[in-house]
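Taking it in order: structure first as structure tokens, then the write-up.
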Amino acid sequence: MAERIRVQRAIAHAGLMSRRAAETAIARGRVAIDGEVAILGDRVDVESQILTIDGSPVPVNPGHVTYLVYKPVGVISTADDPQGRKTVVDLVDSHVRLYPVGRLDADSEGLILLTNDGNLADVVTHPRYEVHKKYLVEVAGEPGRGEIRVLEQGVELDDGPARALKARLVASHGGRSQIEVIMGEGRKRQVRRMLDAIGYPVVALVRTAIGPIADSALRPGQSRQLTNREIAALLARAKQSN
């Protein structure tokens, strides 16, 4: 068991508010430890107990590490590969064992999370938490707006119907088009198969956002740790879904 520290100190160390603001939140009954309302003077074990503000988990466990990685084309989104190919885990120099959150196929590039926080991984991957993923897709051909709307209405795939939450035509020129697609689920190569189904094969696919998390400054192969504010924004989805 880790050293138990005062609740306001744990919140302040998470970077979500000052210690004084945390004390005010505690006094107003907004803070809980394992579901029980905290009072000033309470202490929390940051490694084993769940601390929440207004019902949303606070990322206070110092052993949890989460990276945002820009996966290049050709890199495998698994922790290990029997064939010896480069994986997303190879892109991060971390002293702890990290695991990819979800998948991004080898032919695609863009944002993926690596973490050792199982709760965070569940929030990001399980459809009930509605952490949507945004993609910028280049296709061969120039679909009309009506054809793009079919993606939102739903198409039939070999493993069942699939639909985009939102789809819009970004640009179209010279026999190629760019389409922004927002998905609420992530079956294998789903976006590619949906566009194939309406007659527009994918030339390139980039994941540009994971829920509220995006970073246009990252380049292929680069990574950075998520801030506690970003992690808290993801974990807040768990509360919103209840």
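Could you give every pair whose Cβ atoms fall below 6 Å, whose first residue belongs to the range 19-30 and is aliphatic (A, V, I, L, M), and whose second residue is open to solvent by 40 Å² or more (accessible area, probe 1.4 Å), counting only separations of at least 6 or pairs across chains?
Matching pairs, first to second residue: Ile26/Leu40.
Give the range 1-18 a look and list any residue that's of a type in the set (A, V, I, L, M, F, W, C) and in contact (Cβ under 8 Å) with a residue 12 or more places away in the chain, or say none.
Met1, Ala2, Ile5, Val7, Ala10, Ile11, Ala14, Leu16 - these are the residues of the range 1-18 that are of a type in the set (A, V, I, L, M, F, W, C) and in contact (Cβ under 8 Å) with a residue 12 or more places away in the chain.
Taking the range 54-72 only, how many residues are in contact with a helix residue (DSSP H, G or I) (Cβ under 6 Å, 6 or more places away or on another chain) and over 30 Å from Leu205 (Cα atoms)?
The number of residues fulfilling the criteria is 6.
Would you point out which residue out of Ala232, Ala217 is among the aliphatic types (A, V, I, L, M), in a loop (DSSP other than H, G, I, E, B), out of contact with any strand residue (DSSP E or B) (no Cβ under 6 Å at 6 or more places or on another chain) and within 30 Å of Asp93 (Cα to Cα)?
On the way: Ala232 fails: in a loop (DSSP other than H, G, I, E, B).
The conditions single out Ala217.
Give the residue, chosen from Arg163, Arg192, Arg176, that is over 17 Å from Gly144 (Cβ atoms), touching a strand residue (DSSP E or B) at 6+ places or on another chain (Cβ under 9 Å) and either open to solvent by 40 Å² or more (accessible area, probe 1.4 Å) or among the β-branched types (Val, Ile, Thr) (or both).
Arg163
Can you tell me which of (1) surrounded by 15 or more Cβ atoms within 10 Å (Cβ to Cβ); (2) more than 25 Å from the chain's Cα centre (by Cα); (3) under 24 Å from Lys71 (Cβ atoms) is the one Ala140 doesn't meet?
Failed condition: (1).
For the range 138-173, which positions are of a type in the set (A, V, I, L, M, F, W, C), within 16 Å of Arg193 (Cβ to Cβ) and out of contact with any Lys or Arg (no Cβ under 8 Å at 6 or more places or on another chain)?
Result: Val150, Ala164.
Could you list, in sequence order, all residues of the range 195-207 that are surrounded by fewer than 18 Cβ atoms within 10 Å (Cβ to Cβ) and under 15 Å from Glu109 (Cα atoms)?
Val203, Ala204
Applying the selection to the range 79-94, what residues are without any contact (Cβ under 8 Å) to a residue 24 or more places away in the chain and either of a type in the set (Val, Ile, Thr) or within 21 Å of His13 (Cα to Cα) (or both)?
Thr87
The values are calculated or read from the model by the stated rules, or taken from the named source; none is laboratory data. Note that the coordinates shown come from a computational prediction; the quantities given were computed from them, not determined experimentally. Neighbour counts run over all protein chains shown; Cβ positions are idealised from the backbone, glycine included. Each accessible area value is taken on the protein alone, full model and side chains, heavy atoms only, with ligands, DNA and RNA left out. Shrake-Rupley method; radii C 1.70, N 1.55, O 1.52, S 1.80 Å.
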